[in-house]
Amino acid sequence: MSASSVAKCSSGFTARSGPLPRAVRVVSRAHGVFRKSTPLIEVQNFTVYIRNNVIFRKFNQRRRNIRDSGGEGYLSSCHYDPAHPEDLCPIFSIGYILNTSESDPEQRELMLAQGGMIEITVTWDCNFDRDPSQCLPQYQFLRLDSRDAQDYPGYNFRYAEYYREGSTDRRTLYKAYGLRFVIVVSGTAGKFNAVPLAMNIGSGLGLLGVVTVICDFIVLNVLQKRSFYRDKKFEDVHADDAYKPLDESGEHDGASYGAAVNSALRVAPFRQ
């Protein structure tokens, strides 16, 4: 907005979800046992709750992605609907996130088996000339891990459990595959202000004068027909011709020049 004040937001977010079923490979070095569990398809019915608060300090406005008043059962029964962002329900099913970030069904199944990384972007684009309640967040989902990776595809991590059996120390190593969410929050806001408007108008008027100077310079010094334009723009006069008036044809009128000089002498005679 050319005639507005713009500010960026500061934000904080909270992402919370229940324990997600994961593919787990269990390796016991003491016994050499390898076990791999099968990922559950039902993970797509799990939900992720993302709570986000932003503040636009320049306008002293605070926004969040949940309702200020909606009853105790409001969040327990709602799901995010992109067709109705005004409902302010930041609860997303894993299936919706997977479908939005990855369109290929086979790749989605591989993500459930091998894990994956998904970026969730929360964007606030607000116009505070309107009601602040119309400032609503927008969500975007993007898969970050490579689809074509042959080595170490998806997302996984390892952790170990140490224990003792009798006098022998043992360790169980787990390699877990899961979904990792990276949340990015950004926002801008604007509001009408007369000062930037006046500055922009003044700058525009100043540029008009600069444009005239630049055009004259190009026409009179750069173009091939610069001599023609110079003759049309300027008239060269010499000596007394500079004081002679022009008649309708553009020529100097000697009689009128003499009359003008005599009249000037009579009206303003020379004084010593």
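Coupling constants for region 210-219 follow from the phi torsions by the Karplus curve (6.51 cos²θ - 1.76 cosθ + 1.60, θ = phi - 60°), and in residue order they are 5, 4, 4, 5, 5, 5, 4, 5, 5, 5 Hz; glycine and proline get x. Within the accessible area of region 92-166, the carbon and sulfur atoms contribute 43%, probe 1.4 Å, all protein chains present. Computed with a 1.4 Å probe on the full set of protein chains, the accessible area for D131 sits at about 90 Å².
For the pair region 75-93 / region 130-154, the C-alpha centres are spaced 17 Å from each other. In plain terms, the chain from Y163 to R130 could stretch by 5.7 nm, reckoned as 0.36 nm per residue minus the Cα-Cα distance. Put simply, the amide H of R180, placed in the peptide plane, has neighbours under 5 Å in G116, M117, I118, leaving out anything fewer than 5 places away on its chain.
The values are calculated or read from the model by the stated rules, or taken from the named source; none is laboratory data. In this text the structure is predicted, and so the values were computed from the model without any measurement. With ligands, DNA and RNA removed, areas are computed over all heavy atoms of the protein, side chains included. Shrake-Rupley method; radii C 1.70, N 1.55, O 1.52, S 1.80 Å.
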